[in-house]
C-alpha cells in the first residue's frame, strides 16, 4: 500500500528542494521553496474489477501536490513544470516497495492558484498513482 508519507518521501528524492521542505498532510509554517503532498479530495468510489479483489490488478492513489515557492511567478512556474515533467516521465519506479505502473496527470500542466497571504506564488499538480496490488 502507498501512503501519503510514502509519496512525500518519493517527491523528496527528486531533489527539487531540501528534504525538510517537503511535507505530507500539512504544510507547516509555509517556508519558501516548499512542496506539500495531500490526498486528492475526490469521490470516485472503490475500483474493484468484476470477479472481486483477486481480479483487480492495481490500486490508485489520488494525490494533490502544492508547490509553494517564492515571490516570483516565473520561478514558481518553472519549478512546478520541472516537477510535473519528472512525474509525467517517470517509469520503472517504486514507492514504499510498491511497483508503480504509471502516474496519470489530471491536468495538462500545473494549476496556478495565485499567491498566499504573504505574496508567495503557489501552484497545484493533481495526479493518480497506479500501482500493483
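The values are calculated or read from the model by the stated rules, or taken from the named source; none is laboratory data. Because the structure is a prediction, the values reported are computed rather than measured. Cβ sites come from the backbone with ideal geometry, for glycine too, and all protein chains shown count toward neighbours.
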| task | For residues that are closer than 17 Å to residue 14 by Cβ and either out of contact with any strand residue (DSSP E or B) (no Cβ under 8 Å at 6 or more places or on another chain) or assigned to a loop (DSSP other than H, G, I, E, B) (or both), tally how many sit in region 28-61. | result | 1
| query | Hey, residue 25 hits all of (1) in contact with a helix residue (DSSP H, G or I) (Cβ under 7 Å, 6 or more places away or on another chain); (2) under 24 Å from residue 92 (Cβ atoms) but one; which does it fall short on? | reply | (2)
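Step by step: first the residues of region 106-133, then only those that are in a loop (DSSP other than H, G, I, E, B) and within 20 Å of residue 2 (Cα to Cα), then the one that is modelled with the highest pLDDT. Which residue is that? Lay out the reasoning, then the answer.
Looking only at region 106-133, we keep the residues that are in a loop (DSSP other than H, G, I, E, B), and these are 106-110, 116-120, 133.
Of the ones still in play, those that are also within 20 Å of residue 2 (Cα to Cα) are 106, 133.
On the way: 106: 97, 133: 83.
Checking each candidate, the answer is 106.
For region 71-79, indicate whether the set of residues that are crowded, with 17+ Cβ neighbours inside 10 Å, under 20 Å from residue 3 (Cβ atoms) and touching a strand residue (DSSP E or B) at 6+ places or on another chain (Cβ under 9 Å) is non-empty. Lay out the reasoning, then the answer.
Here is the first cut: in region 71-79, the residues crowded, with 17+ Cβ neighbours inside 10 Å are 76-77, 79.
Then drop every residue that is not under 20 Å from residue 3 (Cβ atoms), which leaves none.
Checked against the condition, which is being crowded, with 17+ Cβ neighbours inside 10 Å, under 20 Å from residue 3 (Cβ atoms) and touching a strand residue (DSSP E or B) at 6+ places or on another chain (Cβ under 9 Å), region 71-79 yields no hits at all.
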| query | Identify, please: which residue in region 62-105 is in a loop (DSSP other than H, G, I, E, B) and either in contact (Cβ under 8 Å) with a residue 24 or more places away in the chain or in contact with a helix residue (DSSP H, G or I) (Cβ under 6 Å, 6 or more places away or on another chain) (or both) and is, among those, nearest to residue 20 (Cα to Cα)? | reply | 69
